[in-house]
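Have a look at the structure below before the remarks.
The values are calculated or read from the model by the stated rules, or taken from the named source; none is laboratory data. Keep in mind the model is a prediction, meaning the values are calculated, not measured. Cβ placement follows ideal geometry from the backbone for every residue including glycine, while neighbour counts extend to all protein chains displayed.
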Amino acid sequence: MGRLKKVKLNLLRHTFNGFYQLCYHLVGPKPRRVVFATMRNTKLADNLKYLYAEFDHADDDYELKVLCFHYDRTLLSKLGFVWASMRALYYLATAQLFIIDDYFFPLYAIQKHDDNIVIQLWHAIGSLKKFGLSLPSANRSIIKPHTNYDWVFINAEADKPAYTEAFDLPADHVLALGEPMIDGLMTMRHHDHERPKRLFYAPTYRAGGAKRVAGYIQAFIKASQALNGEWELYISVHPYLKLPALAANLPANVHLFQDAERVKNLLPKVDVFVTDYSSLSLNFSYFERPILLFTPDYAQYAKHCGFYVDYYQYLGAPHFKTASQVIAAVNQQVPTLDLSYVQQLKQRTFPQQDGHNSRRVFDFVTQLL
């Protein structure tokens, strides 16, 4: 890490912590103020959205605040990040509950007070690829990430070891009450196969790998033109990446987008799902439809990021190194593919399918007030 970057991070740490302490001592936590905050979307989505609805519909006098900022590493986004961070620190200092769903840098730069309770819902289910403090890069950070969480909620008891490691929390503060967003998944129904069919490709985020991901997307679009019959191709770009220049002049059947809400709405309508290391494969398993893996950099990814599980064995999905191999599999293998691997993945992923995850989380966190 360069000297200038170290100076910048230390300056941010002192500035952010000083501002947080000032707000805390001048104002302090307001009774029943609950703040929902994210830096991955411009609106509440997934877990935040469903838990917010529980608070909003409650017959009680909660003061609800929403802070949404989409950080995508552009220059404009970096400038907006400082302002968004200062707002977040003010509301953290004055909240009883501060609820997030992802990495949240300003939170890690402060010495938090115990009566500002932080809830981490996380934005993904399961424990496939390593994240948080499980990543080797976390130990090299000037500001230690994923600190100051009080409670974390997960979908399954089997995932607890991964989350306690990733967030450096005692096991009794990582609770498998179910992820709120799974309630929405349970209300969705398989759509009958329509024409044209839908192929959904969701490459995951790689730190410093934006150009590489753009190359994979471009190769996938090119290869997809060899699909047999009529297909619509949907490609979801990770929220922390800029929409690549290749978004222009796309074939008419290709839809490139960056919208978490659209992703979830698409899942029940998709005929085939393709990813590399995204946990969306777990969400999609609920619909018991084909999952394929396009993993051209598997060895590199496993070395630098790693997995909590034997990735290929755990998913059991067909995996390919080139986009053309994926498309060939869609044409030749998918029509007669044995989906028992998807059904087994579904059973492991969704131990609770009663549709009451949001209520369970709501009941627990409101007891903290």
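General observations
- Flag if Tyr286 is under 14 Å from the mean Cα position of the chain (by Cα), surrounded by 18 or more Cβ atoms within 10 Å (Cβ to Cβ) and in contact (Cβ under 8 Å) with a residue 40 or more places away in the chain: no
Residue-wise test of (1) in contact (Cβ under 8 Å) with a residue 24 or more places away in the chain; (2) not in a strand (DSSP E or B).
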position	(1), (2)
Val34	yes, no
Glu54	yes, yes
Leu64	yes, no
Ser77	no, yes
Ser85	yes, yes
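- Counted residues, the stretch 194-224 - those being touching a helix residue (DSSP H, G or I) at 6+ places or on another chain (Cβ under 9 Å), surrounded by 14 or more Cβ atoms within 10 Å (Cβ to Cβ) and closer than 19 Å to Asn249 by Cβ: 10
- When residues of the stretch 225-248 are limited to those that are under 18 Å from the mean Cα position of the chain (by Cα) and in a loop (DSSP other than H, G, I, E, B), the one modelled with the highest pLDDT: Val237
- Taking residues in the stretch 249-268 that are at pLDDT 90 or above, and partners anywhere that are among the aromatic types (Phe, Trp, Tyr) and part of a helix (DSSP H, G or I), the pairs with Cβ atoms closer than 9 Å and at least 6 places apart or on different chains are Leu267/Phe284.
- Residue check for Phe294: in contact with a helix residue (DSSP H, G or I) (Cβ under 8 Å, 6 or more places away or on another chain) and without any contact (Cβ under 8 Å) to a residue 40 or more places away in the chain: no
- A search for C-beta distances below 6 Å between a residue of the stretch 163-192 that is free of Cβ contacts under 8 Å to residues at least 12 places away in the same chain and any residue that is surrounded by 21 or more Cβ atoms within 10 Å (Cβ to Cβ) and among the hydrophobic types (A, V, I, L, M, F, W, C), counting only pairs 6+ apart in sequence or on different chains, returns Thr164/Val174.
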